[in-house]
Amino acid sequence: MALLSELVSVFADRGVDSLPTLTLFARRLREAGRLTQAGRGRGAAHMTFMDAARFAIACLATDHPERAADAEIFFSNLAFSNSRALGGSTVSHSPGETFESGFASLLRQAAHGQLNQPLSAIVERGTPIARIRAGDIEASFAFTPAIDAPTWGAADNLHGDLAAHEAWAVDAYAPAQRFRTAKNLVAIFEDDLIRALAKLVAGENAA
């Protein structure tokens, strides 16, 4: 079973960021109640697949430790929107599933030897969209605006309808825009890191 410090080391060893920065990421997530908490030393909490998923999502979603909890919560709760098969295999996802639960499931299946295809997790920070890939299968998770889109009216009011939709889009997607930066708009974790996380949480050597 993995400790939080071991989880952080997996990311640092694979060049995601420096160990001090990743340690600060972990601290901010723990302070926000987003990671399993217990004592320290021999009584420290063991990380779950959900903990690993949330830490990974935070690192995908932002480069700034002070924004780790805010970004992780936002992207973790992106809702399943669709899946597509690029080949012949299939992966099931439940309507209403979130990115964090899908990512945790991916780690769990990888740890149990149920996924032999190349795995990856992708976050498009400014869209915002998140994706999980297992071989030829891709599941997408998207932001659902809290404001309903305006209805389209008569054909002779197309200009007015377009203006209304543009105004709606600005307001509806405003919560997502705070994560948009000029750097690393698309962040990807590949198969090696994902399998190392899965093995670590399952109690195997992640080296």
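Surface analysis of the range 95-149 yields an accessible area of 40 Å² per residue, using protein heavy atoms and a 1.4 Å probe. Here the calculated FRET efficiency for His165 and Glu6, from their Cβ-Cβ distance with R0 = 41 Å, stands at 0.25, rounded to the nearest 0.05. A crude spin-label estimate for the pair Asp13 and Asp192, with each label 7 Å from Cα along the Cβ direction, gives 1.2 nm. Taking packing as the residue-averaged number of other Cβ atoms within 10 angstrom, the listed peptides 186-195, 133-142, 112-121 run from highest to lowest as 133-142, 186-195, 112-121. Taking amide H as placed 1.01 Å from N in the peptide plane, Ile129 has its amide H under 5 Å from the amide H of Glu124, each at least 5 places away in sequence or on another chain. Extension gain, Asp136 to Glu66: 0.36 nm times the residue separation minus the Cα-Cα distance gives 21.7 nm.
Taking all protein chains together and rolling a 1.4 Å probe, Ser18 ends up with roughly 50 Å² accessible.
Got a sec? What order do Glu31, Glu124, Glu72 fall in by accessible area at 1.4 Å, biggest, i.e. largest, first? Mind dumping the intermediate values first?
On the way: Glu31 120, Glu124 40, Glu72 0 Å².
The ranking, largest first, comes out as Glu31, Glu124, Glu72.
Using R0 = 22 Å, the C-beta based FRET efficiency linking Ala79 and Gln37 works out to 0.25.
The values are calculated or read from the model by the stated rules, or taken from the named source; none is laboratory data. As the structure is a computational prediction, the values presented were derived from the model and not from experiment. Glycine gets a Cβ as well: all are built from the backbone with ideal geometry, and neighbour counts include every protein chain shown. For accessibility, only protein heavy atoms count, side chains too; no ligands or nucleic acids. Shrake-Rupley method; radii C 1.70, N 1.55, O 1.52, S 1.80 Å.
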